[in-house]
Amino acid sequence: MKIAIIGANGKVGSLVVEQSVAKGYDTTAIMRSSKETPAQHTLIKDVFELTREDLSSFDIVVSALAFWQADTLIHHKTALEHLSAVLKNSATHLVVVGGAGSMYINETRSLQLKDTESFPPEFKPLASAMSEGLDALRKTSNVNWVYVSPAIDFDVDVPTSNEVLIGGEVLMDVNPNQISYKDYAVALVSLFESIKKYNQQRISLVGKQ
């Protein structure tokens, strides 16, 4: 299986690269600037410069891109729109490292986490931008995509889990609701063999202590 990771030099992307190589996949790290990586291949290119020729030979393309500055938040949407256009009508699956803010907190799916009173206001712009990216994916046709949301507490320092639970659109009732970057990367890569099962869905990952 051929795997490409966009944003391969980021905190999550680099761990996905490590796990992909460890699983024996033919892995390509795609990044804007050169950096040492365990991947067998590298492609130095900005996401908006990637073409169908660059990506269509891969079985799975992982988008682990991160945009933090106020003037770049829109790229959570525009980057996915570009990748969707590039991969439309191809067999390649686009797997997106997503956010938790767009998770629903009730079974009727009428309220998202980012819109609750307790959601930190400083994270609202980022959560809203990432939610718009997911909405853009939902509007695509003839694109194989899977959006993978982490737990509420998603951090490198979160303790290692004994088990990672796979959920759907509704926030899982797990306390604490958390997952480490490492556990997320391990679980994400473990989905590759069964990725068709989750086609055009948002799923979520939470660590269980």
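The values are calculated or read from the model by the stated rules, or taken from the named source; none is laboratory data. Computed from a predicted structure; not experimentally measured. Here the Cβ positions follow ideal geometry from the backbone for every residue, glycine too, while neighbour counts run over all protein chains shown. Heads up: the accessible areas ignore ligands, DNA and RNA and are worked out on the full protein's heavy atoms, side chains in. Shrake-Rupley method; radii C 1.70, N 1.55, O 1.52, S 1.80 Å.
A few remarks follow.
- Selection count where residues are open to solvent by less than 10 Å² (accessible area, probe 1.4 Å), under 19 Å from L43 (Cβ atoms) and not hydroxyl-bearing (S, T, Y), scope the range 81-106: 5
- Checked against (1) open to solvent by 80 Å² or more (accessible area, probe 1.4 Å); (2) touching a Pro at 6+ places or on another chain (Cβ under 6 Å), H41 passes all but condition (2).
- Long-range neighbours under 6 Å by Cβ, at least six apart or interchain, first residue over 15 Å from V12 (Cβ atoms) within the range 25-36, second surrounded by 12 or more Cβ atoms within 10 Å (Cβ to Cβ) and among the acidic types (D, E): R32/D46
- Annotation: G24 fulfils all but one of (1) in a loop (DSSP other than H, G, I, E, B); (2) closer than 23 Å to A136 by Cβ; (3) at pLDDT 95 or above; (4) open to solvent by less than 70 Å² (accessible area, probe 1.4 Å); the unmet one is (2).
- Members of the range 44-56 found to be surrounded by fewer than 19 Cβ atoms within 10 Å (Cβ to Cβ) and of a type in the set (A, V, I, L, M, F, W, C), listed by number: I44, F48
- Close pairs from the range 166-186: first without any contact (Cβ under 8 Å) to a residue 12 or more places away in the chain, partner open to solvent by less than 20 Å² (accessible area, probe 1.4 Å) and assigned to a loop (DSSP other than H, G, I, E, B), Cβ under 9 Å, at least 6 apart: none
- Restricting the range 171-209 to residues that are open to solvent by 40 Å² or more (accessible area, probe 1.4 Å) and among the small types (G, A, S), the residue that is farthest from W145 (Cα to Cα) is S190.
- Residue within the range 101-117 that is β-branched (V, I, T) and under 23 Å from A187 (Cβ atoms) present: yes
- Tally, over the range 142-163, of residues that are open to solvent by 30 Å² or more (accessible area, probe 1.4 Å), touching a residue at least 40 places away in the same chain (Cβ under 8 Å) and not β-branched (V, I, T): 6
- Against the criterion of being touching a helix residue (DSSP H, G or I) at 6+ places or on another chain (Cβ under 7 Å) and basic (K, R), K182 qualifies.
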